[in-house]
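Working notes, structure below.
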Amino acid sequence: MEILIKKNDNNTFAVSIESSINSNHLVTLNDDIYFEMTEGNKSKEELILFSFKFLLERENNTSILSNFNLETIQNYFPEYKNEIQNWKNL
């Protein structure tokens, strides 16, 4: 499985997951949420990659929403914020 991230603009990213069934996702990540999550310790692309790996450990790529704001992940997976806190300091 391969995760490809393409920056459309400062806040919008196209994510493609190449697997047995490919999927495409449009992710929004504004600066305020990005800094709140990472304190600038990681790039937006690194955060998105981490987030998709996190999601793929819990569900199939075809179950991931096709268009979403990155912070919505915590609505479905409350442990998401803690995982980011542990990851961002590595």
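The values are calculated or read from the model by the stated rules, or taken from the named source; none is laboratory data. If you're wondering where the values come from, they're calculated on a predicted model, not measured in any experiment. Because the Cβ atoms are built from the backbone with ideal geometry, glycine has one as well, and the counts that use them run over all protein chains shown. To get the accessible areas, we keep the full protein, side chains included, count just its heavy atoms, and leave off ligands, DNA and RNA. Shrake-Rupley method; radii C 1.70, N 1.55, O 1.52, S 1.80 Å.
Ordering ILE48, PHE68, ILE33 by Cα displacement along the dipole of region 32-88 toward the positive end leaves ILE48 in first place; charges were set at the Cβ atoms of Lys, Arg (+1) and Asp, Glu (-1). Between LYS88 and ARG58, the contour length at 0.36 nm per residue exceeds the alpha carbon distance by 8.8 nm.
Just tell me the longest site-free run in the chain, where the sites are GluC sites (Glu not before Pro) in a DSSP loop having at most 14 other beta-carbon atoms within 10 Å. Longest run free of exposed loop sites: 1-38.
Helix 44-56 versus the longest principal axis of the chain: what is the Cα-based angle in degrees, 0 to 90, to the nearest 10? Computed tilt is about 60 degrees.
Averaged per residue, region 16-90 has 57 square angstrom of accessible surface, using a 1.4 angstrom probe with ligands and nucleic acids left out. Rounded to the nearest 500, the 222 nm mean residue ellipticity of the chain from helices alone is -10500 deg cm²/dmol, with -39,500 (n - 2.57) taken per DSSP H run of at least 4 residues. Computed over the chain, the P(r) curve from all C-alpha pair distances, binned at 5 Å from the origin, holds 3, 14, 28, 27, 20, 8, 1, 0 percent per bin. Put a plus charge on the Cβ of each Lys and Arg, a minus charge on the Cβ of each Asp and Glu, and nothing anywhere else: the dipole of the chain about its Cα centre is then about 120 debye.
As a length-normalised measure over Cα pairs under 8 Å and 6 or more apart, the relative contact order of the chain settles at 27 percent.
Quick check: at a probe of 1.4 Å, how many percent of the accessible area of the chain sits on carbon and sulfur atoms? Walk me through the intermediate numbers first.
Details: 2330 of 5270 Å².
Ligands and nucleic acids excluded, carbon and sulfur give 44 percent.
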